[in-house]
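Data first, discussion second: the structure below is written as structure tokens.
The values are calculated or read from the model by the stated rules, or taken from the named source; none is laboratory data. The structure presented is a predicted model; accordingly, all values stated were derived computationally and were not measured. With ideal geometry, Cβ positions are generated from the backbone for all residues, glycine too; neighbour counts draw on all protein chains shown. To get the accessible areas, we keep the full protein, side chains included, count just its heavy atoms, and leave off ligands, DNA and RNA. Shrake-Rupley method; radii C 1.70, N 1.55, O 1.52, S 1.80 Å.
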Amino acid sequence: MRIIILVGDGMGDRPLKALGGKTPLEEASTPNMDEVAKHGICGIMDPIAPGVRPGSAPSHLAILGYDPYKYYTGRGPFEAAGMGIRMEPTDVAFRCNFATINEEMFIVDRRAGRDTEGLDKLAAPLNGLRFNSAPRIQVEFKNATAHRAVLILRGQGLSSNVSDTDPEKINVPPLESRPLDDAPASALTAQIVNEFVQASNDILNTHEVNRNRVAAGRMPANYILVRGAGHPPKMHTLMEMYGFNSSACIAEVSLVKGVAFYAGMEIIDVPGSTAGLDSDIRAIGREALEALPNNELVLVNVKGSDVAGHDGNIEGKIEIIERIDEMVGDIWEEVNKEETYVVLTADHSTPIEVKDHSGDPVPLAIAGPMVRVDEVTSFNERSVAKGGLGRIRGVDLMPILIDLVGIAKKFGA
Ligand code: ZN
Ligand code: ZN
């Protein structure tokens with residue numbers, strides 16, 4: 001038996017006046033998702049708990065059966081793992097932004113104008129910096145997608161209990177990192193972060209890439225904003241928890257890939273997947289179908305629906321949902337329905353009106369050989385609420401699936 005979980009990132013939404021009170025998922029034409037709902041058992045799912053606004057990483061942890069409150073240790077270690085950076089338990093990772101700061105040390109743009117020119121060259125001299133105050137601590141710095149980067153502090157005596165330097169707004173100075181408890185390790189870590197930020201600012205200001213950017217009238221990427229400190233989580237793999245021999249994940253962003261890495265999944269990269277509205281979503285579906293014979297669980301995350309939600313882009317969200325629907329159709333048509341459970345859901349809602357994640361529950365459908373098919377015939381936030389699964393939490397999903405595929409352990413005699 002096999003399981004394929006298809007996650008439309010941030011696909012859930014709220015009723016929109018512009019759509020006559022419908023959600024984008026209700027407005028979009030989704031014959032294939034409706035087909036899955038028709039052959040499945042449906043319900044709504046609170047990714048974390050009712051009213052909790054989930055980040056993508058905690059939500060994917062929950063969907064894979066991990067208590068997010070226990071295993072979500074911060075954004076940094078998940079981003080880093082998703083970029084292929086291997087960490088020791090004592091390392092601390094941070095998620096960073098290349099930003100633009102002016103001479104008065106005020107933040108002009110938190111993403112350096114989303115101008116990625118030369119960021120790899122700018123990252124290079126920051127990697128391997130050492131500080132006299134902590135000569136044994138190694139610094140690893142790597143640029144990631146777009147304006148993003150990760151910072152790893154490596155060595156003994158570090159703590160993740162330090163504050164962010166990113167104020168998450170512009171026209172203000174960046175913050176200093178501060179220790180959040182009295183431990184010497186926290187004081188040391190905050191100090192190293194501040195020294196790194198200072199040293200990197202000096203290097204970036206005079207770097208040739210930035211001189212050229214300024215000469216061309218573009219924003220210099222002359223400052224590193226640091227946030228999301230965390231140690232890598234200590235997680236059992238899906239193999240250890242459920243006895244899967246192998247599992248795989250296709251995701252478009254490193255944050256979700258990082259969750260899959262700690263869960264022991266193989267991470268498959270798909271050419272043409274961009275994490276944006278232009279992503280080749282059908283290529284993602286084809287890779288997922290190819291991975292299915294060799295894996296008992298395949299998790300797929302398509303990012304564009306979240307991006308459209310953050311941008312408040314109604315048309316974009318409807319269009320990407322319809323393209324996800326095509327992928328669902330390709331998969332539904334191809335899979336062996338006698339031995340495959342197809343799961344359709346979202347990791348959270350990113351409502352157009354909110355432009356950020358909300359605490360609304362997300363739609364869920366599970367189709368497969370042994371499910372108690374219910375009366376639901378369309379897949380959207382409202383229709384599935386009448387389904388046989390009722391309302392569950394994200395961490396309930398894997399136990400339900402594990403029971404359906406027949407490998408759940410019995411509780412008691
Ligand atoms: Zn998400
Ligand atoms: Zn989002």
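Tabulated data for the structure shown
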quantity: Paramagnetic reach from ASN245 (point 7 Å along Cα→Cβ, amide N under 20 Å) across the stretch 374-413; calculated: 402-409
quantity: The stretch 1-111: C-alpha gyration tensor shape, a/c 1.5 cut-off, then a/b vs b/c; calculated: oblate
quantity: Sites matching GluC sites (Glu not before Pro) across the stretch 39-143 that sit in DSSP coil, with at most 10 neighbouring C-beta atoms within 10 Å; calculated: GLU103, GLU104
quantity: Using θ = phi - 60° and Karplus 6.51 cos²θ - 1.76 cosθ + 1.60, couplings along the stretch 71-78 (whole Hz; Gly, Pro as x); calculated: 9, 7, 9, x, 5, x, x, 6
quantity: Distance histogram for the chain (every C-alpha pair counted, 10 angstrom bins, percent rounded to whole numbers); calculated: 5, 22, 30, 23, 14, 6, 1, 0
quantity: Positive-pole candidate from SER273, PRO125, LEU175, dipole of the chain, charges at beta carbon; calculated: LEU175
quantity: Full-extension gain in nm, GLU338 to ASN171, via 0.36 nm per residue minus C-alpha separation; calculated: 54.3 nm
quantity: Estimated FRET transfer efficiency (MET105, LEU180; beta-carbon r; R0 22 Å; 0.05); calculated: 0.40
quantity: Under 17 Å from LYS142, Cα to Cα: lysines that are on another chain or at least 8 residues apart; calculated: LYS121, LYS257
quantity: Positive-end residue, the chain charge dipole about Cα centroid, Cβ charges, pick of TYR262, VAL36, GLY304; calculated: TYR262
quantity: Surrounding net charge for LEU389, when Lys and Arg each add one and Asp and Glu each subtract one, Cβ distance under 10 Å; calculated: 0
quantity: Where trypsin sites (Lys or Arg not before Pro) fall in DSSP loop in the stretch 170-255, at most 12 other Cβ within 10 Å; calculated: LYS234
quantity: Accessible area of LYS38 in the full protein assembly, 1.4 Å probe (Å², nearest 10); calculated: 90 Å²
quantity: Relative contact order [Cα under 8 Å, 6+ residues apart], the chain, whole percent; calculated: 33 percent
quantity: The stretch 366-413 and the stretch 184-248: distance between their alpha carbon centers, rounded to Å; calculated: 39 Å
quantity: Amide N proximity, the stretch 363-404 versus HIS236 label position 7 Å along Cα-to-Cβ, cut-off under 18 Å; calculated: 395-404
quantity: Proximal lysines relative to LYS38, as straight alpha-carbon distance under 27 Å, when same-chain residues fewer than 8 apart are discounted; calculated: LYS22, LYS303, LYS317, LYS337, LYS386
quantity: Cβ-placed point charges (K, R +1; D, E -1), dipole of the chain about Cα centre in debye, nearest 20; calculated: 900 debye
quantity: Computed lengthening from LYS409 to ARG286, 0.36 nm per intervening residue step minus Cα-Cα distance; calculated: 41.0 nm
